[in-house]
Structure formats: structure tokens, C-alpha cells
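The values are calculated or read from the model by the stated rules, or taken from the named source; none is laboratory data. Keep in mind it's a predicted model, so treat the numbers as computed, not measured. So basically every Cβ, Gly included, is an ideal-geometry build from the backbone, and we count neighbours across all protein chains shown. With ligands, DNA and RNA removed, areas are computed over all heavy atoms of the protein, side chains included. Shrake-Rupley method; radii C 1.70, N 1.55, O 1.52, S 1.80 Å.
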Amino acid sequence: MLTQVIPRAVFNNALVAALFGVLVPYWKSFEFLDTILLLMYALFGMFFTAPRVVDAASGAALRRGPFFRAVLSGWGLGLVIFWLGIATVSLKVGSLLTPPPAVYLTLAVLSLAACLFAGAVAARVAAAVPSAETAKSRMRIGFFGFLVALLGVPRLLDEDATVALAGLLTPEGLVRLTLVAAPLLAVGTVVLLAGYRRRPG
């Protein structure tokens, strides 16, 4: 069983890394450094975190160590793809291109908070459905739906809302966004995990 699961997981991760860490950035080139796209990539760790937390969840018991290892490994893989994309664009244009430090540091913090929240949601979903595969499938659908909404909603906004959103996508705006969003995500994580621990075995 283990020899079947590990190669498949490695293959899937390598495929996602090649697609989103190399092919998409190579195709987008300079556009890859657009803040909204970088924000989407910063949240990519949620995609890796959710299935790892589902595997770490066991019935009504969710051990702290496996949960945080699952979150940190998913977050780390997301950051690898983020920087792989930046490296791909830099190699294509022949010079090092990186977002400002305020941007990538802020996105790293926001990504970690989002991965913790996604992990808590995954734990609750895993407790509510009959199988791990069902939980993983629902989390993947939810994740991609979230990214599609993140990409599509700005196009539906009126001019005033678009201007306000543009203000949030500056380095200073991202810092303000993170100062608000990260604590809210942290509170949500604590509430979800507390509710999960109260579930009967």
C-alpha cells in the first residue's frame, strides 16, 4: 500500500510543480509578476496542505504534531512553486526578477495563515465524510473554486471597487491586508480545530 501511495504522490507533486512552477510562468513571462497572480501562487500551498491533513486526521483524534507537519510541508511546497515560477521568468528574460521584499515576505505570512486555515477545514471535512478520498476530492474542488473566484471576481467589479482593490495589491496594501486577514484566519483555524476535537469518537 505504501509503495503505491508514495510514488503517486511524488508524481502528482512533480506534475503540479512542472505545470505551475515552469510552464505557466514561462508562458506568462513578465505578467507572472502581477500582484494578483503572485497572490494566487502564494495561496497554492493550500492545495498541498489539505490532502496531507486529511491523511493525518484519524477519526475523532487529530494529533498536533502530524497536523502541523502536514501544514508546514504543504506551505513549503507552495513556496517552492512560487519561487520556481520566479526563477523560470528570470531565466527566460536573462536577469533576476523578484517582487519587492515587502511583497514576498507579506505573501509568505499570508500563505502560512491560509494553509493553517485550509488544514483546519480539511480536518473538519475529513471528520464529516466516510472516506479520505471523498474528503480530498471535496477539498480540491473547493480550492480550485476559490482560485477561479479570486481570478474572476475582479473582472466583475465596478470602477470604484476596482480602484480599491488595486490599492490592496500594492506592497503597502498587501501589508494592510495581511494584518487584517492573518489574525482572522488564525481565529478561524482555532475555532475549527476546537470544534473538531469536540467531535465524538
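Annotations
- Among S95, S90, the order of accessible area from largest down is S95, S90, computed with a 1.4 Å probe on protein heavy atoms.
- Per-residue surface analysis assigns E172 an accessible area of about 120 Å², computed on protein heavy atoms at 1.4 Å probe radius.
- FRET efficiency for A102 and L15, using Cβ-Cβ distance with R0 set to 35 Å, rounded to 0.05: 0.60
- Protein heavy-atom accessible surface, 1.4 Å probe, per residue over segment 1-152: 51 Å².
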